[in-house]
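Below is one structure, written out as C-alpha cells; the observations come after it.
The values are calculated or read from the model by the stated rules, or taken from the named source; none is laboratory data. The shown structure was predicted, so the numbers you read here are calculated from the model rather than taken from an experiment. Counting neighbours? That spans all protein chains shown, and the Cβs are built from the backbone with ideal geometry, glycine included. Each accessible area value is taken on the protein alone, full model and side chains, heavy atoms only, with ligands, DNA and RNA left out. Shrake-Rupley method; radii C 1.70, N 1.55, O 1.52, S 1.80 Å.
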Amino acid sequence: MDVEAAAAPPKKPPVLFAQKPNFRPLSAHEISDGQIQFRKISVPPHRYTPLKKAWLEIYTPIYDEMKIDIRMNLKARRVELKTRRDTPDVSNLQKCADFVHAFMLGFDVIDAVALLRMDELYVESFEIKDVKTLKGEHLSRAIGRLSGKGGKTKFAIENSTRTRIVIADSKIHMLGSFANIKVARDSLCSLILGSPAAKVYSKLRAVTARLAERF
C-alpha cells in the first residue's frame, strides 16, 4: 500500500543579525573636535636662570615622548604648551603642565619628570602659617627644624616616605603619592609645632613600616 509522503513544511529563512560595528579608536585630536588645547605656566623671577640651564632636559621628554609642542614666551615670561595632531593622549597636555609647574616650584628635573612617567603622583603645597602662626625668629627656627643640620631632617623624611620636599621660605611643596604625602605632611607639621626631631623619626619609622606591610 502506497503511503503518500507528507509534504515537508516550508523552511524559514535564517534570521540575520546586524553586524556589531567595529569603530576605530578616536585620536586625541579627534576627541577634542580638532581643536588645539593650550596650557600656560608662569615663570617666577628666581626660576628663570635654572629654566635656561635645564631647558633641553625639559624640552626633550615633552616634545619627543609626550608629543606636545612647547615654547618659552620671553615677552610674557611663561612657558606655553599645546597639543599636536599626533598627540597620542589628551591627558598628556595636563601631565606636561604639571611637570613644568613642579620645576617652577623648585623640584629637580629628575624628580619632576616622574609626573610624566607615572600616574598617582601629585604635588601638594602648604605654608607654615597654615599650621601655626609664627613670626620673626620663631619662623626662622621652625624652618631650621624642618631642614635640620645640612638638610639631614628633610632628607630623612624624603627617603623614608619616598617623597620629594622643597622648602621655599615659609612655603613647603611635596611631590609623591597620596598616602606618602600624608605621612610626610604629618611629620613636617609635628616639627613646625615644636616636636623634637628624634620623636618625629621614631614615629616615622613606625608609620613607614606599616606602609611597607600594606604594599
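Overview of values
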item	result
Strands (runs of 3 or more DSSP E) completely within segment 102-183 that count 1 or more residues being within 28 Å of Asn92 (Cβ to Cβ), hydrophobic (A, V, I, L, M, F, W, C) and in contact (Cβ under 8 Å) with a residue 60 or more places away in the chain	164-168, 171-176
Residues (under 19 Å from Arg85 (Cβ atoms), among the β-branched types (Val, Ile, Thr) and open to solvent by 60 Å² or more (accessible area, probe 1.4 Å)) located in segment 26-67	Ile31, Ile36
Which numbered condition Asn73 fails, given (1) within 14 Å of Leu51 (Cα to Cα); (2) under 11 Å from the mean Cα position of the chain (by Cα)	(2)
Failed item, numbered, when Leu115 is tested on (1) farther than 27 Å from Leu56 by Cβ; (2) surrounded by 15 or more Cβ atoms within 10 Å (Cβ to Cβ)	(1)
Residue within segment 95-105 that is of a type outside the set (Gly, Ala, Ser) and surrounded by fewer than 16 Cβ atoms within 10 Å (Cβ to Cβ) present	no
Selection status of Val183, surrounded by 17 or more Cβ atoms within 10 Å (Cβ to Cβ), out of contact with any strand residue (DSSP E or B) (no Cβ under 7 Å at 6 or more places or on another chain) and of a type outside the set (S, T, N, Q)	yes
Candidate set: segment 33-91, residues that are assigned to a helix (DSSP H, G or I) and charged (D, E, K, R); chosen: the one nearest to Met118 (Cα to Cα)	Glu65
Within segment 21-32, tally of residues that are of a type in the set (Gly, Ala, Ser) and part of a helix (DSSP H, G or I)	1
